[in-house]
Each structure stands twice: as structure tokens, then as C-alpha cells.
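Take a look at the structure set out below.
The values are calculated or read from the model by the stated rules, or taken from the named source; none is laboratory data. This is a predicted model, so every value here is computed, not measured. As a convention, Cβ positions derive from the backbone with ideal geometry for all residues, glycine included, and neighbour counts pool all protein chains shown.
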Amino acid sequence: MLSLLISVLVMCIIFGLIFWILSQIPIPAPFAQIARVVCVVIFCLWLLYLLVPLAGGLSGGFNHPLVR
């Protein structure tokens, strides 16, 4: 469970840096908006991949790669 929390923290930092870098790069507004949306969608999908199995409980056939 600790590895899951560390993984979430590290990925939040990485996605935060990517989001910040996208806001600093001088690219046209439509492209910047698309890049930010893609970044947020990828982050949300990754977060769902990690957290949805936890909603099923920790008993029985729980088989998550980051939680023993």
C-alpha cells in the first residue's frame, strides 16, 4: 500500500511539472489547450487504473500490481 501512495505522489509531481511546462512554452493557445487536456485525461486514466481496483475491497481475488 505504501508503494501505491509513493507512486501516486511521484506521478502527481511529474504531471504537475508537465502541466507547468506546457503553460510556460510559447505555443498558440489552441495547441496549448489541447496539450493540457490530453495531459489531464492521461493523468485521470492512470489514476483510475490505480484506484478502481481498491474500490472492490482488499479481500479475495485482489490482484493489483502495486499492492500486495
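Summary of computed values
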item	result
Subset of segment 41-68 that is at pLDDT 85 or above and surrounded by fewer than 12 Cβ atoms within 10 Å (Cβ to Cβ) - its residue that is farthest from residue 15 (Cα to Cα)	45
Search result, residues across segment 23-40 that are surrounded by 12 or more Cβ atoms within 10 Å (Cβ to Cβ) and of a type in the set (Gly, Ala, Ser)	32, 35
